[in-house]
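Data block below; observations after.
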Amino acid sequence: MVFVFALCCLWLLLLSGGCAPSPVAPAPTVPGLSGAPPPACDRAVRLVFTGDIMTHAEQLNIARQADGSYDFSGQFAPVLPLLQGDLLVGNFETVLAGPRRPYAGYPSFNTPDSLADALRKAGFDVLLLANNHILDLGAQAALRTKQVLTDKGFAVTGLGPGQAGHTPPLLCEVNGLRLGILNYTYGSNRPVTPALEREIALNGMDLLLITWDVLALRAAGAQYIVAAMHWGIEYRPEPSPAQRAVAAHCLALGVDAIIGAHPHILQPVELHAGYGKPQLVAWSLGNFISAQRTVPRERAMILALDLTCSPGGVPRLRRVSLSPTWVELSPARKRARILPTAPGLLPDDASEEIRTTVRRVHAECLNFLGVLPVPDARGFYTIYEAPPPVTDWLPGRSARLMRFFLPDAWLRQAVMRSRLRPPSVAGEITASAVPLSDKKRPRPDSTANAS
């Protein structure tokens, strides 16, 4: 009888909208941002991520034109439809040191500035600079890289001047959604000496720094946080213990998605049942563009996250999908380009040999990732789709209270249905406001090295 009475009281509490919240101190604001609450968001948002963007010597030779200039736009043309979204993010693993130094690939990269033009034309919005190659040619070359990319309209993160101590996270507004982006690297190929640290701040994978940045983003009103990690062991298909430890820390902080780079091959995609929400870990997206030819370094995937927001401004992960890609490299035909592997998406000029290779790579990617072979019209494979929430019909506070009492069994069942890998692990801070929601991107009409 007491149990029935308690249930009735709970039901009346839900219908009444819950108790009024107790007064709390205002949240601290991040310098450079207003302390205004996040805007109401009721639009769909599509976030697209790619893996490593590299330029080896073979790609430089292919991109070089008769007049001595470089054109990289053709390398991205076949996958332009896959890159469509509200925000496109890539790992920029090269250096724009300028023409005073020789252009070169591995081990010390220097790429013409026209690569940035090609990436902008392809629709990239955010480029990640915290990686082991950004200091290949020293601090000034790295800072020039950041300046060139910023001047060309990109939002960049992970690297900054040494006086800052560390580089603040990004806070972007995308279709009304406040999105926070963190970026860190395990280290650098070039030793980071005290003298170098005075010139440049490269975000290292420090757990305290990560914690501070997440708190700063939340205080600034970030509704969804993505952590981009340059980590792991090269050419290893499974995440390392160090990766798992850092990921566990980020998930405990409430980071919504972790996107990995550096291994240069695909690693698993996992979905974790977080605190009332799904949390994604894509351990490594592989090489988006490079001249590394041995399997599995020549394949990668484009990852898409589809979010929706309730009128109260709470984002919800509706869908996770991916599309495998493969890099065609033919110096004899002066051709380097990223090819989609999903059926029906190859360019008409692809040879039968290329088509055979792409079919093989496609099957290998789907088998490794555990994805059912049913693509959508764009060529993406859904690996997670959220069921309709049972609390959508409740008023705001009641819905939040109901979510507190509901078990997360539905999420665990969804993870099993999607065949994802099971969960493996249960200075001054500023943020830059980068408005990206209403920009118009120009589009083109068409068209075995170490790391």
Provide a single number: the residues in the stretch 157-174 that are within 27 Å of residue 45 (Cβ to Cβ) and out of contact with any Ser or Thr (no Cβ under 7 Å at 6 or more places or on another chain). 1
Quick check on this structure: which one of 375, 347, 343, 324 is exposed (fewer than 13 other Cβ atoms within 10 Å of the Cβ) and either modelled with pLDDT of 95 or more or under 27 Å from residue 47 (Cβ atoms) (or both)? 343
Hey, among 265, 233, 259, which residue is under 29 Å from residue 326 (Cβ atoms) and out of contact with any Phe, Trp or Tyr (no Cβ under 8 Å at 6 or more places or on another chain)? 233
Subset of the stretch 107-133 (residues that are surrounded by 21 or more Cβ atoms within 10 Å (Cβ to Cβ), within 18 Å of the chain's Cα centre (by Cα) and part of a loop (DSSP other than H, G, I, E, B)): 124, 125, 129, 130, 131
Looking at this structure, is residue 114 at negative phi, modelled with pLDDT of 95 or more and in contact with a strand residue (DSSP E or B) (Cβ under 7 Å, 6 or more places away or on another chain)? yes
In this structure, does residue 361 turn out to be within 26 Å of the chain's Cα centre (by Cα), modelled with pLDDT under 85, among the β-branched types (Val, Ile, Thr) and on the phi < 0 side of the Ramachandran plot? no
Tell me which of these residue 287 doesn't satisfy, since it passes every other one: (1) part of a strand (DSSP E or B); (2) touching a Leu at 6+ places or on another chain (Cβ under 7 Å). (2)
For residue 310, the lone unmet condition from (1) small (Gly, Ala, Ser); (2) in contact with a Lys or Arg (Cβ under 9 Å, 6 or more places away or on another chain); (3) modelled with pLDDT of 95 or more is (3)
Among 165, 232, 176, which is the only one that is of a type outside the set (A, V, I, L, M) and at pLDDT 95 or above? 232
Does residue 234 meet the test of being surrounded by fewer than 24 Cβ atoms within 10 Å (Cβ to Cβ) and part of a loop (DSSP other than H, G, I, E, B)? yes
Take the stretch 142-153 and flag every residue that is surrounded by fewer than 22 Cβ atoms within 10 Å (Cβ to Cβ) and of a type in the set (Gly, Ala, Ser). 153
Across the stretch 154-185, the tally of residues that are assigned to a loop (DSSP other than H, G, I, E, B) and either closer than 18 Å to residue 214 by Cα or touching a helix residue (DSSP H, G or I) at 6+ places or on another chain (Cβ under 6 Å) (or both) stands at 6
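The values are calculated or read from the model by the stated rules, or taken from the named source; none is laboratory data. These figures come from a predicted structure and were not determined experimentally. Heads up, the Cβs are rebuilt from the backbone with ideal geometry, glycines too, and the neighbour counts pull from every protein chain shown.
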